[in-house]
Amino acid sequence: MSSCRILVIGAGGLGCELLKDLALMGFKSIDVIDMDTIELSNLNRQFLFRRKDIGQSKAEVAAKFINSRIPGCQVTPHFCKIQNFDETFYRTFHIIVCGLDSIVARRWINGMLISLLKYE
């Protein structure tokens with residue numbers, strides 16, 4: 001768990017839960033990608049965010065929250081679209097967990113990850 005690199009895609013309702021659970025399970029190296037900013041309507045279900053965080057990057061605020069609360073866990077935020085990265089980036093992870101609500105984004109990441117498979 002200390003050497004496993006995990007990528008969480010999305011820092012919304014599902015992503016907040018995933019980040020918390022993975023960090024509490026003992027994973028030490030987690031990256032998170034999200035292109036959205038925090039809105040007031042997020043606060044009732046996305047518990048890593050507070051009113052003062054409205055307008056800020058979900059990925060950056062979520063990473064800061066987890067990093068400050070879970071000793072030894074290092075969450076690296078990426079405030080951008082998943083399409084901003086190529087296969088070289090995605091190949092650096094052992095586990096990729098998807099917490100997306102966009103069908104278009106899910107299809108894109110599924111296609112990207114399927115393209116990384118090597119059949120023997």
Item to check | Total lysine pairs whose alpha carbons fall under 21 Å of each other in the chain (8 or more apart, or interchain) | outcome: 9
Checklist outcome for this item: In Å, the C-alpha Rg and Dmax of segment 28-81 are 10.9, 31
Checklist outcome for this item: Rounded to one decimal in Å, the inverse mean reciprocal Cα-Cα distance for the chain, i.e. its Kirkwood radius, is 14.6
Checklist entry - Which angle from 0 to 90°, rounded to the nearest 10, does the C-alpha axis of helix 13-25 make with the longest principal axis of the chain? => result 80
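In the neighborhood of residue 40, defined by Cβ-to-Cβ distances under 14 Å, what is the net charge if each Lys or Arg adds +1 and each Asp or Glu adds -1?
Values: positive: 45, 50, 51, 52, 58; negative: 36, 39, 53.
Local charge sum for residue 40: +2.
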Checklist entry - So how tilted is helix 58-69 from the main axis of the chain? Cα-based, degrees 0 to 90, rounded to 10. => result 70
Item to check | Computed accessible area, residue 113, all protein chains, 1.4 angstrom probe, square angstrom | outcome: 50
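By accessible area of protein heavy atoms, probe 1.4 Å, what ranking do 36, 101, 86 get, highest first? The partial results should precede the final answer.
On the way: 36 70, 101 140, 86 90 Å².
Correct descending sequence by accessible area is 101, 86, 36.
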Checklist outcome for this item: Excluding ligands, DNA and RNA, the carbon-plus-sulfur percentage of the accessible area of the chain with a 1.4 Å probe reads 55
Next on the checklist: Which residue fluctuates most in the GNM of the chain (Cα springs below 10 Å): 57, 41, 29?
Outcome noted: 41
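The values are calculated or read from the model by the stated rules, or taken from the named source; none is laboratory data. The structure displayed is predicted, hence computed values, not measured ones. Note that we place each Cβ from the backbone using ideal geometry, even for glycine, and neighbour counts take in every protein chain shown. Just the protein is used for accessible areas: all its heavy atoms, side chains included, with ligands, DNA and RNA removed. Shrake-Rupley method; radii C 1.70, N 1.55, O 1.52, S 1.80 Å.
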